[in-house]
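The values are calculated or read from the model by the stated rules, or taken from the named source; none is laboratory data. Model, not experiment: these values are computed from the prediction. No Cβ is skipped: glycine too gets one built from the backbone with ideal geometry, and neighbour counts run over all protein chains shown. Side chains are part of the model used for accessible areas, which takes the heavy atoms of the whole protein and leaves out ligands, DNA and RNA. Shrake-Rupley method; radii C 1.70, N 1.55, O 1.52, S 1.80 Å.
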Amino acid sequence: MGENEGSRMEFVQSVVSDHIGCPMYRTAKTAEKYYAKHNVTIERFQKFLYTAGGNAYPDLFSANYRLKTLFFRRFVIQQVQYVLSNGVIFAGNAKDKLGPAFDNRLQSLAKKAMVDGVAYGFWNKDHVEVFAYADTENEPGFAALHDEEDGSLKAGVRYWSIPGTGTKRYTLYEIDGYTEYIQLKGDGIKVKQEKRPYVEIVKTTVADGETIESGDNYPGFPIIPMYANDLKQSELIGIRESIDCYDFIKSGLANVIDDTSSVFWVLKNAGGMDDWDIAQFLDRMRTLRAAAVDTDAGGEAEAHTLDVPYAAREAMLTRLRSDLYEDFQLVDLDRITSGDLTATAIRMGYQTQDDKCGDFEYCIRDFISKLLALLGIDDEPSFKWNRIANQSEETQMVLTAAAYLDSETILNHLPWLTPEEVEKVLERKETEDYSRFDNEVNNNANGTEPQNTDGNGNAGN
């Protein structure tokens, strides 16, 4: 191993170390957990009891629900599906060149971008692969290296650990190819595969099997970032505190209902009891339904019922839910779907979501335009958002203007047709038109003219 390669390997490790130590990475790791249905704040919450001496003990006696509401996952899926559920529509044949799974990969990329703040699309010969910013148990992370002069992405290290082995893997991506490294448990980092070009020409023969004849690279760096927003931040920022507050209030209400569902106790002449002693008394009442009280010393236990004051908590939960949807700029479908709304009212209800998703669509367009430029494809993407609509009213509006529109425009504006269905309808209409034209040409060539007939098939005058 040369001195230069040793420096490169140290550089690879330092890049990953700096990556996992930055604030954006820590935020992305937390956001990944919220997206994976975990509220890390409430999962760490522990109730305590205190003795008269001030010593703390975990409260193992009273209810301690840790309820989670999956707001963040719901928001990410709602925004991505609103923009991309119908796929990307290209004016030309770019979709054929981007691979059959391009729409699915683009959705995965968009979700990762919203969660982590950024995700990366790697063009691998004939398809896009999704590189996550932060590593998780199931996928590697990617540490990006940007040019200091223009800020463009020029290199990066993808890293991951093999579960149960302690082995670490690194892949260094550069403009002129990629190099693979491996670090076994208890050993130093080594080269696993020398630098190779991104596009390899492989020849297969019976005698030699597969051999690499030549290789080439792309005109630019084949890894392209997609950002969640113009701030380049995780979408969890700004709403995490509200989600935590919602889950704490919801869990607290459940705890109160559980703890006071039957009775609560008033202990008289029990000033010497601390929190721990009282908790043990309550635990005995729950399990044995009886407890010994020293009445000679004036001790007494009185049982009382309690109505749980839930109205304030319910009002706060409703307010928090409303604020979360408003802050994330998404439509609360419970409101939209209640009542028979007109098309105008639905459009007005979607205005804030349209603004948010329009900004997100810009980030998606920026990614696609850079990908098309890398591949030398001249095309323009468009999107059909998945909006709830008053279909009968919108259909009537389109048909009213049909006399002034061409067939493709009419079909594209019908709310109950998908872009794929529009293409198939147009293809069938074109086939029918050609067939009708051929019949007319054949009739004219045979000297026959179309005749008017009455209802019985007899020729008219």
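Restricting segment 365-398 to residues that are at pLDDT below 80 and of a type in the set (S, T, Y) leaves a set whose member that is farthest from A345 (Cα to Cα) is T395. The residues of segment 399-416 that are open to solvent by less than 90 Å² (accessible area, probe 1.4 Å) and modelled with pLDDT under 75 amount to a single one, P415.
Evaluated against (1) out of contact with any helix residue (DSSP H, G or I) (no Cβ under 6 Å at 6 or more places or on another chain); (2) aromatic (F, W, Y); (3) over 28 Å from A254 (Cα atoms), Y82 falls short on exactly one condition, (1).
Applying the criterion of at least 2 residues that are at pLDDT 95 or above, among the β-branched types (V, I, T) and in contact with a Ser or Thr (Cβ under 9 Å, 6 or more places away or on another chain) to the helices (runs of 4 or more DSSP H) found wholly in segment 1-116 leaves 23-35. Given the criteria at pLDDT below 90, within 36 Å of the chain's Cα centre (by Cα) and more than 24 Å from D59 (Cα to Cα), does E235 qualify? No; evaluated as a whole, the condition is false for this residue. Of the residues making up segment 127-152, those that are touching an Asp or Glu at 6+ places or on another chain (Cβ under 8 Å) and at pLDDT 95 or above number 5. In the set K111, K47, K97, K29, only one residue is surrounded by fewer than 19 Cβ atoms within 10 Å (Cβ to Cβ), charged (D, E, K, R), touching a residue at least 24 places away in the same chain (Cβ under 8 Å) and within 23 Å of S242 (Cβ to Cβ); that residue is K29.
The residues of segment 334-364 that are open to solvent by 20 Å² or more (accessible area, probe 1.4 Å), of a type in the set (S, T, Y), at pLDDT below 95 and closer than 29 Å to D230 by Cα amount to a single one, T352.
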